[in-house]
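Reading through the structure tokens given below for one structure.
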Amino acid sequence: MAAPADKPKLQPLDEAFQRRLRTLSLASRHTSRIAFGRGQHRSRSLGPGTEFADYREYSAGDDYRHIDWNAYARSERLLVRQHEQETELSVSVLLDCSASMGTGDPPKLDYALQLTAAIAQIALQRSDRLALVAIRDRIVASFGSGPGVARAHGAFEFLRTLEASGPTSLATACRAFCARTRRRGLAVLVSDLYDPAGVPPAIDVLRRARFDVRVIRVVDPAEHEGLAPGEYELIDSETERSRQLSITPEVRAAYRAARDREAFALRRACLERHVPLYAIETNISPEEAVLSRLRQAGMFQ
């Protein structure tokens with residue numbers, strides 16, 4: 001594994017990309033039910049709101065101001081107008097900042113920052129509540145924001161402060177996040193998913209806390225291909241342990257087969273837990289990842 005890069009760089013989202021982001025919203029199985037909230041997600045629950053949904057029969061105690069008198073004139077039935085409620089979604093992005101995320105070309109953390117910035121922009125422009133949480137084997141730093149696109153600058157400035165370092169324990173960090181977070185909603189884990197304890201325990205922590213979980217795996221294509229045949233000294237970016245290794249065609253083939261098995265096992269674990277998993281390679285542009293890959297896969301609507 002290559003040595004970690006220097007301080008990651010967050011490139012500004014260009015204007016054309018931002019304009020296209022305005023057409024998107026985050027898909028979630030649930031939103032927080034906040035009557036008269038400023039959120040722009042449609043709730044299946046009916047009540048006071050702005051968009052007409054249906055009629056129901058008037059019953060004692062209903063607000064007479066909601067009676068549709070035109071409908072009464074036509075049918076001689078007292079009917080109450082119902083509307084879709086606009087609800088507010090709580091969005092938490094858990095961004096892996098462990099040392100392994102600093103490897104690759106481009107560094108995986110640099111790429112993950114671009115994806116996270118786009119998610120933050122989409123959430124805030126839809127008046128969702130946003131939390132950005134940098135994690136490794138614990139919570140490193142966090143940023144919380146109320147709704148409103150005006151807060152995007154603060155979110156981007158927070159992302160620019162993050163660096164890749166330290167070991168990974170996603171489950172430990174997720175437990176700390178759940179313990180300090182009252183709002184439940186959408187939790188997006190952005191990581192290369194290199195964790196000695198495995199990824200399913202972290203997903204289980206979030207699911208038990210009743211979050212709607214999404215996992216974005218940032219993939220360096222060179223790591224999947226493996227090293228070319230030759231002699232190497234490999235240094236673990238998180239433990240700094242080194243190992244001399246002779247790569248032969250057979251060793252390379254075995255490595256790639258092991259990577260395929262690991263990816264299959266992860267996909268299966270997420271499928272069994274009904275958690276969407278999106279694998280995004282760093283050799284495609286963040287714009288294509290968001291506007292094409294993630295949108296087509298159902299991350300956005």
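Okay, here's what the table says:
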item	result
Residue list for the range 185-204, filter: assigned to a loop (DSSP other than H, G, I, E, B) and buried (at least 16 other Cβ atoms within 10 Å of the Cβ)	185, 192, 193, 194, 195, 199
Qualifying residue in the range 148-155 (condition: farther than 16 Å from residue 22 by Cα and either outside the structural domain of residue 289 (by TED's automatic domain parsing) or surrounded by 21 or more Cβ atoms within 10 Å (Cβ to Cβ) (or both))	yes
Residue tally, condition surrounded by 12 or more Cβ atoms within 10 Å (Cβ to Cβ) and among the hydrophobic types (A, V, I, L, M, F, W, C), over the range 256-278	7
Some residue of the range 234-255 being surrounded by 15 or more Cβ atoms within 10 Å (Cβ to Cβ) and in contact (Cβ under 8 Å) with a residue 60 or more places away in the chain	yes
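The values are calculated or read from the model by the stated rules, or taken from the named source; none is laboratory data. Only a predicted model underlies this, so the values are computations on that prediction, with no experimental measurement involved. Virtual Cβ from ideal backbone geometry, glycine too; neighbours counted across all protein chains shown.
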